[in-house]
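Step one of this worksheet: look at the structure below.
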């Protein structure tokens with residue numbers, strides 16, 4: 001077991017969003033996946049999370065995975081560069097009495113896309129699309145909160161990026177966690 005610090009961040013108004021000063025390169029675009037499949041979602045999840053110990057969904061069946069994807073207010077957006085996926089974010093919404101709460105459920109870049117200034121632009125787009133989500137899902141109440149969590153196993157650039165985009169820490173927890181190899185099923189481990 002390993003001690004892991006989990007940090008929860010939020011925005012309570014779209015006015016809190018601090019846009020990125022960078023723009024996407026000319027060969028990059030971010031677009032919504034209109035009819036996401038569990039297979040593509042899992043590919044994105046494993047491609048980003050393989051080096052970050054993302055394992056929480058690896059034991060999910062296709063049906064359980066799909067349940068998250070088809071819920072009202074669930075969206076997946078992909079960053080493409082040179083025609084290939086390089087990162088993504090997944091939004092999941094809960095409608096409450098005070099409005100919709102949108103969680104940036106997953107967010108990240110493929111390992112070969114880190115360090116290129118893409119993370120801030122992708123997060124800017126994730127927050128923008130989260131705040132606009134109710135306009136695309138008329139049955140949901142207006143968005144009153146956007147939130148996410150990160151942990152000490154995440155990229156060292158994650159928390160500074162979240163803070164730079166105007167997210168504010170509202171809770172921190174320390175928990176014991178079994179760290180599993182998230183690359184299982186993605187790439188074989190190289191012989192030493």
Exercise. In whole Å, what is the distance between the alpha-carbon centres of region 1-53 and region 143-180?
Worked result: 12
Problem set entry | Computed over region 2-177: relative contact order in percent, which uses C-alpha pairs under 8 Å that are six or more apart | 39
Exercise. In what order do 4, 48 fall by count of nearby beta-carbon atoms within 10 Å, going from fewest to most?
Worked result: 4, 48
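Restricting to DSSP H runs of at least four residues, report the calculated mean residue ellipticity at 222 nm for the chain, -39500 (n - 2.57) per run over all residues, nearest 500 deg cm²/dmol. Please list the in-between numbers first.
Values: 5 runs with 46 residues, N = 192.
Mean residue ellipticity at 222 nm (helix-derived): -7000 deg cm²/dmol.
Using only Cα atoms, what is the ratio of the radius of gyration of region 77-125 to 2.2 N^0.38 Å? Numbers along the way, then the final one.
Values: Rg = 13.2 Å, N = 49, 2.2 N^0.38 = 9.7 Å.
Ratio of Cα Rg to 2.2 N^0.38 Å: 1.37.
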Exercise. Taking only the alpha-carbon positions of the chain and ignoring solvent, what does the Debye formula give for the base-10 log of I(q)/I(0) at q = 0.18 Å⁻¹?
Worked result: -1.40
Exercise. If you project the alpha carbons of region 33-105 onto the principal axes, what extent comes out on each, in Å, largest first?
Worked result: 41, 29, 23
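For 57, 81, which order do you get if you count the other beta carbons within 10 Å of each Cβ and list the fewest first? Working shown, then result.
Numbers: 57 16, 81 20.
Neighbour counts put them in this order, fewest first: 57, 81.
Quick note: the coordinates plus some simple rules give every number you see, no bench work behind them. As the structure is a computational prediction, the values presented were derived from the model and not from experiment. Methodologically, a virtual Cβ is constructed for each residue, glycine included, from the backbone with ideal geometry; neighbour enumeration extends over all protein chains shown.
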